[in-house]
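Trainee: Here it is, the structure, as structure tokens.
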Amino acid sequence: MPANRGLSEEERSRRLANIHAPFHDAIDACLTRRMSSGRPTALIAIHSFTPVYLSKARPWQVGILFDDDRRLADPLISGLKADPGLTVGINQPYSPADGVYYTLGRHAQPQACRQP
């Protein structure tokens with residue numbers, strides 16, 4: 001991201017403290033509350049993407065990204081594909097190999113390991 005290039009250490013620390021840490025702390029707190037009360041929980045992370053990247057048009061209006069656990073992905077993909085006006089990317093325009101799963105890897109996978 002161009003706005004993050006060349007940051008001073010002070011600005012980087014400020015952004016981590018004021019944006020990154022509170023966001024992830026809030027997710028942790030929410031998941032902990034839900035899990036401790038036994039409520040079924042799914043974590044969904046939303047990431048935008050441009051319709052054109054490196055001068056190449058992307059055909060998808062929505063992309064569903066998932067790794068090994070398809071329980072939520074499959075019904076979501078089926079529902080979205082029922083709309084003839086949508087082109088649905090399945091692990092497109094990103095995939096697990098692209099490393100865009102930071103939030104899911106940090107929060108959902110450790111939580112899944114704790115579920116009975």
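The values are calculated or read from the model by the stated rules, or taken from the named source; none is laboratory data. Quick caveat: nothing in here was measured; it's all calculated off a predicted structure. All Cβ positions, even for glycine, are placed from backbone atoms using ideal geometry, and neighbour counts span all protein chains on display. Please note that ligands, DNA and RNA were not included when accessible areas were found on the heavy atoms of the full protein model with its side chains. Shrake-Rupley method; radii C 1.70, N 1.55, O 1.52, S 1.80 Å.
Trainee: How many residues are of a type in the set (S, T, N, Q), out of contact with any helix residue (DSSP H, G or I) (no Cβ under 9 Å at 6 or more places or on another chain) and open to solvent by less than 60 Å² (accessible area, probe 1.4 Å) if we restrict to segment 24-55?
Mentor: 0
Trainee: Would you mind stating whether R106 is under 22 Å from M1 (Cβ atoms) and open to solvent by 80 Å² or more (accessible area, probe 1.4 Å)?
Mentor: When the stated conditions are applied, R106 passes them.
Trainee: If you don't mind, there's one more thing I want to ask. Looking at (1) over 15 Å from the mean Cα position of the chain (by Cα); (2) of a type in the set (K, R); (3) not in a loop (DSSP other than H, G, I, E, B), which one does R39 not meet, given that it meets all the others?
Mentor: (3) is the only condition that R39 fails.
Trainee: Within segment 1-23, work out how many residues are open to solvent by 70 Å² or more (accessible area, probe 1.4 Å) and in a loop (DSSP other than H, G, I, E, B).
Mentor: 3
Trainee: Before we move on, is Y94 surrounded by 15 or more Cβ atoms within 10 Å (Cβ to Cβ) and either within 13 Å of the chain's Cα centre (by Cα) or at pLDDT 85 or above (or both)?
Mentor: So Y94 passes the test.
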